[in-house]
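What follows is a set of notes on a single structure, which appears directly below.
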Amino acid sequence: MTLDLRSVDRSEAESFVRLVYQAFGSVPDDDELARATERFEPDFAIGVFDQGRVVATAGAYPLEMTLPAGPGRDLPTMAVPGVTAVGVAPTHRRRGLLTRIMDHQLADLRDRGYPVAALLASESIIYGRFGYGWAQSYQSLLIESDRAAFRPDVPADTGRMRLLEPDEAGKLLPLVHDRARHLRPGELNRNARWWKNHLKDPEKERGGGEARMYAAHESASGEADGWVSYRYGKQDWPEGIPRHQVEVDDLVAAGPAAQAALWRFVLDLDLVEEVKAPNRPLDEPLRWMLADPRRLRTTEVADHLWLRILDVPAALAARGYRADERLVIEVTSADPSARGRFVLETGPESGSCRPAKGGENTQLVVGLADLGAMYLGGVSPSTLAAAGRVNEVAPGVLAAADRVFASPVTPFCTLHF
């Protein structure tokens with residue numbers, strides 16, 4: 001029986017969305033279907049069809065990602081497709097449809113001129129075989145409010161906090177987020193359509209908690225430089241004692257003073273026993289602000305953003321570097337369009353990358369997925385080498401590669417897509 005792979009047009013959006021939900025074990029209600037259909041991107045949607053019925057899907061969102069920079073330089077950005085909606089109908093598993101649709105999508109994205117693709121993996125075992133590398137992690141934090149006093153040397157806030165109604169949040173938060181996202185590698189933009197859907201905050205997505213609340217921080221000059229969104233969990237009053245839990249959805253700041261003020265705000269909320277923050281960067285400074293740092297518990301560390309290098313020279317030339325080095329790197333891959341030997345030359349201004357010539361001997365051997373993992377500075381080449389995933393051919397080049405790919409700011413992505 002013929003299974004046709006082709007683009008999915010706007011008229012087929014609902015069928016596309018329903019299949020994605022079914023592949024993840026869910027059935028969308030009318031509101032979910034309408035919201036997901038509104039986010040549908042026909043320019044990137046592809047499907048496999050069996051007698052006119054969609055049985056496998058993949059899509060992407062056009063996004064912009066912040067990259068590492070050289071010392072004293074503004075962090076550059078790059079257009080990336082955020083791969084999403086990858087699913088196969090339970091009736092059509094084990095027929096090679098995932099491989100077929102992923103290979104098609106990667107070739108299409110490369111032909112469109114994208115150097116890098118990004119995704120969030122439903123399972124960490126799946127996407128490495130397609131060349132995606134684990135590029136960024138997050139941690140989940142939990143702390144009891146009455147154990148969250150700051151050290152006395154944490155500077156007092158000279159600005160102020162202000163609660164926002166959803167309509168006001170819709171105007172202010174995108175502006176602050178767009179400023180803050182340029183400060184950290186791995187961060188992605190959020191377009192107007194994303195904000196519109198996010199601010200709707202449907203009850204089905206609250207996990208039994210209250211509606212989302214928003215607060216902004218303003219500096220002493222009155223400029224908004226940070227914001228936090230949070231919700232109270234299911235109200236808990238055992239024996240008349242309030243023991244609520246607050247979950248921090250986003251805490252975004254354009255500087256350390258705003259970040260400290262935002263944390264102080266959520267840690268001081270009334271009626272709260274615990275504050276939970278399920279998506280924070282690995283270099284989160286809160287622990288170092290606390291008088292009793294052991295009280296801040298890390299409840300989870302896991303992968304978030306995965307990157308697939310589509311064009312090695314273009315990708316490596318797009319980011320900045322903090323070391324002046326010359327590396328000859330062999331990239332191994334099952335994809336003939338991605339593998340090869342490349343010369344990467346870096347300096348404080350920028351980097352350049354080109355195919356290596358015959359007399360330029362390989363110094364470092366890196367798998368394509370591992371190059372994606374290293375790309376934002378989330379893991380060092382030495383760590384990957386210790387895991388048997390990177391091979392140092394020329395003595396001493398591993399230390400040079402660590403310097404080249406390092407980022408002083410740990411990569412982090414707040415976006416779920």
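Just so you know, all these numbers are worked out from the coordinates, no wet-lab data involved. Only a predicted model underlies this, so the values are computations on that prediction, with no experimental measurement involved. Glycine gets a Cβ as well: all are built from the backbone with ideal geometry, and neighbour counts include every protein chain shown.
How large is ³J(HN,Hα) for each residue in region 111-117, as worked out from phi by the Karplus curve 6.51 cos²θ - 1.76 cosθ + 1.60 (θ = phi - 60°), to whole Hz, x for Gly and Pro?
5, 6, x, 6, x, 9, 10
Want the number for ALA156 to ARG6: 0.36 nm per residue separation, take away the alpha-carbon distance, what's left? Don't jump to the answer; show the numbers that get you there.
Details: separation 150, 0.36 × 150 = 54.00 nm, distance 5.84 nm.
Here the answer is 48.2 nm.
Run lengths n ≥ 4 of DSSP H only: what is the helix-derived mean residue ellipticity at 222 nm for the chain, with -39500 (n - 2.57) per run over all residues, to the nearest 500?
Value at 222 nm, helices only, nearest 500: -7500 deg cm²/dmol.
Where the only charges are on Cβ atoms (+1 Lys, Arg; -1 Asp, Glu), what is the dipole of the chain about its Cα centre, to the nearest 20 debye?
Working: 49 positive and 59 negative charges, 208 e Å.
Dipole about the Cα centre, nearest 20: 1000 debye.
Taking other Cβ within 10 Å of each residue's Cβ, how do THR298, THR346 sort, fewest first? Could the numbers behind the result be given before it?
Numbers: THR298 13, THR346 25.
Fewest-to-most Cβ neighbours within 10 Å comes out as THR298, THR346.
List every residue whose amide H lies under 5 Å from the amide H of THR84, counting only residues 5 or more places away in sequence or on a different chain, with H placed 1.01 Å from N in the peptide plane.
GLY59, ALA60, TYR61
Hull surface divided by four, with the convex hull built on the Cα atoms of region 312-405: how many nm²?
Working: hull surface 22.0 nm².
Mean orientational projected area (region 312-405, Cα hull): 5.5 nm².
Does the chain come out rounded, prolate or oblate, given a ≥ b ≥ c as the square roots of the eigenvalues of its C-alpha gyration tensor, rounded meaning a/c under 1.5 and, failing that, prolate meaning a/b above b/c? Intermediate values should be presented prior to the final figure.
Working: a/c = 2.00, a/b = 1.20, b/c = 1.67.
Oblate is the answer for the chain, as a/c is 1.5 or above yet b/c matches or exceeds a/b.
Let me know the Kirkwood hydrodynamic radius for region 1-124, please, with Cα pairs as the basis and the value in Å to one decimal.
Values: mean 1/r = 0.0642 Å⁻¹.
Value: 15.6 Å, from the Cα pair sum.
In the chain, what is the count of Lys pairs whose alpha carbons are under 28 Å apart, counting only pairs at least 8 residues apart or on separate chains?
Taking the Cα cut-off of 28 Å, the pair count is 12.
What percent does the relative contact order of the chain come to when contacts are Cα pairs within less than 8 Å and at least six residues apart?
Once divided by the residue count of the chain, the mean separation gives 19 percent.
Taking θ as phi - 60°, what are the ³J(HN,Hα) couplings along region 75-85 by the Karplus curve (6.51, -1.76, 1.60), each to the nearest whole Hz, with x for Gly and Pro?
Rounded to whole hertz, the list is 6, x, 10, 9, 6, 9, x, x, 5, 7, 6.
Arrange ASP335, ASP370, ASP236, ASP153 by Cβ neighbour counts within 10 Å, fewest through most, would you? Let's see the in-between values first.
On the way: ASP335 17, ASP370 24, ASP236 13, ASP153 7.
Going from sparsest to densest Cβ surroundings: ASP153, ASP236, ASP335, ASP370.
How big is the gap, in Å, between the Cα center of region 386-417 and the Cα center of region 23-53?
Going from one Cα centre to the other spans 37 Å.
What is the packing order of peptides 77-84, 286-293, 124-131, taking the mean over residues of other C-beta atoms within 10 Å and listing the highest first?
On the way: 77-84: 21.1, 286-293: 15.1, 124-131: 16.9.
With the highest mean Cβ count within 10 Å placed first, the list reads 77-84, 124-131, 286-293.
How big is the Kirkwood radius of region 84-216, worked out from every pair of different alpha carbons and given in Å to one decimal?
On the way: mean 1/r = 0.0507 Å⁻¹.
19.7 Å is the Kirkwood radius here.
Tell me, what HN-Hα J-couplings in whole Hz come from the Karplus equation 6.51 cos²θ - 1.76 cosθ + 1.60 at θ = phi - 60° for each residue of region 199-211, using x for Gly and Pro?
Residue by residue, region 199-211 yields 6, 5, 6, x, 4, 5, 9, 8, x, x, x, 7, 5 Hz.
If you average the sequence gap of Cα pairs under 8 Å that are 6 or more apart and divide by the length of region 266-417, what percent do you get for the contact order? Don't jump to the answer; show the numbers that get you there.
Numbers: 229 pairs, mean separation 33.5, N = 152.
Averaging sequence separation for qualifying contacts and normalising by length gives 22 percent for region 266-417.
Which ordering of GLU223, GLU187 is given by a fewest-first count of other beta-carbon atoms within 10 Å? Show your work: numbers first, answer last.
Numbers: GLU223 13, GLU187 28.
Placing the least packed residue first, the sequence is GLU223, GLU187.
Taking H placed 1.01 Å from N in the peptide plane, check which residues at least 5 places from VAL409 or on another chain put their amide H under 5 Å from its amide H.
Distant-sequence amide H within range of VAL409: zero hits.
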